[in-house]
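In what follows, a structure is listed as structure tokens, so that the remarks can point back to it.
The values are calculated or read from the model by the stated rules, or taken from the named source; none is laboratory data. What you are looking at is a predicted structure, and each value in this text was computed from that prediction instead of being measured. For neighbour counting, all protein chains shown are included, and Cβ atoms are generated from backbone atoms with ideal geometry for every residue, glycine included.
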Amino acid sequence: MPSIISTDQLRFYINRLRERLWVKPLVACLLSIAAALAAKLADGTELGLILPTIKPEPVETILSIMAASMLVIATFAVTSMVSAYASASSTATPRSFSLVIGDDRSQNALSTFIGAFIYSIVALTAMKNGYFEAAGRFTLFILTAIVFGVVIITFVRWVDSIARLGRIGTTIAKVEHATAQALMLRQKAPTLDGIPVVSQVHGWAVFASHVGYVQHIDIAALETWARKNEGRVVIAALPGTFAAPGRELAYISTCSGEITENDKQQVIQSFQIGNNRLFDDDPRFGLVVLSEIACRALSPAVNDPGTAINIIGTLVRLFVLWNNPPSKTEDEHAARYGRVEVPEISIHDMFDDAFTGIARDGAGTVEVMIRLQKALQSLVLIGDASMQEAAKHHARLALKRAQLALNLTEDLATVCNAAAFASTDVSPRNLQGLSGDGVQNHRAP
């Protein structure tokens, strides 16, 4: 396999680093130490002859105040962030935790506070040991003033952010953004820069070596293997697929027809398998998470149909985005990896992920059912043939669930009117089959 990491693989690793809380604080600490010691460079110049003279005491006082306060603020920041993370997991869904913990503003704030603490400790120690001369002290004073200003601005902005972090609306917005990014990424490469599946005979099956979810596929590595062995690779498990020792990851074939165990291991290593699904390369996971948030809102313990209605609108926006891919040039249409065949994501699977749970748990709530039918109707009007078929199918399923759950004939009639677009047989007159207590006596189309 190639020793050089592809751009797509590098993006995957960078996104994983962004989910680690220690990365940015570590970088901030290193920069703080460098900045504190860099002031010494001014002593080797003639700036000491023209710069004002500053006594060590004022600078030491400012640094002492900063050192004493920054650690307290950093501790307060960590406590607030942990509380926000717990709130996001309990009010929305635990699957959104990776997005909340990857919040840039909170990580930047924590990094700034810890970096300022390290800077003040290093600079104060250097000052008390006479490390700086006149030019160095003045430079350090200017750097300290800048750091102090950055800390104040960061704190004010962070307080506004942490007040919203973990709230259900903020979590939904983060999940929507992550899902939209994944959808746009898949729009640009529906087959992950490979080619559509065309092989009738797939070849030797390659199975997962352990249990987990496919998080990422290194298509560049698979292409390298295929070129080296004059073979082809047919992907059988897209990102998001649950992998197990009996589940095929791919089918491989070579010109000679010989497949060694080493060949299989190289192909398996191109599949990143982990315990959890990730948003990056798995657009369906974002739809699943949004559906989970809506289902939790519809549970009897929460009883918040407004959140479910908000989620339905979010799902419509995402499907509209999916239905309007950006225009591509001829070069962009060409596949980068011609020996790797990749199936495209199914719109029916996406609709199953998005709407099945909402239709099931919201079947007894008339306002949710009406909004769901209107949402599906809007997707029928703007979607292509596949999206229209999927939307009508789910509209009929949602109506069947409503017929079993709604007890009031008038409510069911309203939902039936909203679902009339899905079938000519769906209309209020079909409610004549209802008994007086609202129990359905006939089967809807």
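Numbers for the structure displayed
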item	result
Check on Val233, among the hydrophobic types (A, V, I, L, M, F, W, C), in contact (Cβ under 8 Å) with a residue 12 or more places away in the chain, out of contact with any Leu (no Cβ under 7 Å at 6 or more places or on another chain) and not assigned by TED's automatic domain parsing to the domain that holds Arg18	no
Members of the stretch 343-365 found to be farther than 15 Å from Ala294 by Cα and part of a helix (DSSP H, G or I), listed by number	Ile347, His348, Asp349, Met350
Lone unmet requirement of (1) over 30 Å from Gly231 (Cβ atoms); (2) in contact with a helix residue (DSSP H, G or I) (Cβ under 9 Å, 6 or more places away or on another chain) for Ala385	(2)
Any chance Ile252 is surrounded by fewer than 18 Cβ atoms within 10 Å (Cβ to Cβ) and either more than 26 Å from the chain's Cα centre (by Cα) or of a type in the set (Gly, Ala, Ser) (or both)	no
Residues of the stretch 164-204 classified as within 30 Å of Glu258 (Cβ to Cβ), out of contact with any Phe, Trp or Tyr (no Cβ under 7 Å at 6 or more places or on another chain) and surrounded by 16 or more Cβ atoms within 10 Å (Cβ to Cβ), total	4
Selection count where residues are of a type outside the set (Ser, Thr, Tyr) and crowded, with 17+ Cβ neighbours inside 10 Å, scope the stretch 205-218	8
Residues (surrounded by fewer than 22 Cβ atoms within 10 Å (Cβ to Cβ) and either of a type in the set (A, V, I, L, M, F, W, C) or under 19 Å from Val320 (Cα atoms) (or both)) located in the stretch 388-414	Gln388, Glu389, Lys392, His393, Leu397, Leu404, Ala405, Leu408, Ala413
Selection count, the stretch 175-203, where residues are in a loop (DSSP other than H, G, I, E, B) and touching a residue at least 12 places away in the same chain (Cβ under 8 Å)	12
Residue in the stretch 311-327 that is under 20 Å from Leu379 (Cα atoms), under 28 Å from the mean Cα position of the chain (by Cα), among the charged types (D, E, K, R) and not assigned by TED's automatic domain parsing to the domain that holds Val197 present	yes
Criterion violated by Thr144 - all others in (1) among the β-branched types (Val, Ile, Thr); (2) surrounded by 19 or more Cβ atoms within 10 Å (Cβ to Cβ); (3) out of contact with any strand residue (DSSP E or B) (no Cβ under 6 Å at 6 or more places or on another chain); (4) within 30 Å of Arg336 (Cα to Cα) satisfied	(4)
Filter pass, Val151 being crowded, with 18+ Cβ neighbours inside 10 Å and at pLDDT 90 or above	yes
In the stretch 361-385, residue surrounded by the fewest Cβ atoms within 10 Å (Cβ to Cβ) [restricted to those that are farther than 15 Å from Gly313 by Cα and under 25 Å from the mean Cα position of the chain (by Cα)]	Gly383
Check on Ala36, surrounded by 22 or more Cβ atoms within 10 Å (Cβ to Cβ), under 30 Å from Pro305 (Cβ atoms) and modelled with pLDDT under 90	no
Helices (runs of 4 or more DSSP H) (entirely within the stretch 223-326) containing at least 2 residues that are of a type in the set (Asp, Glu)	261-269
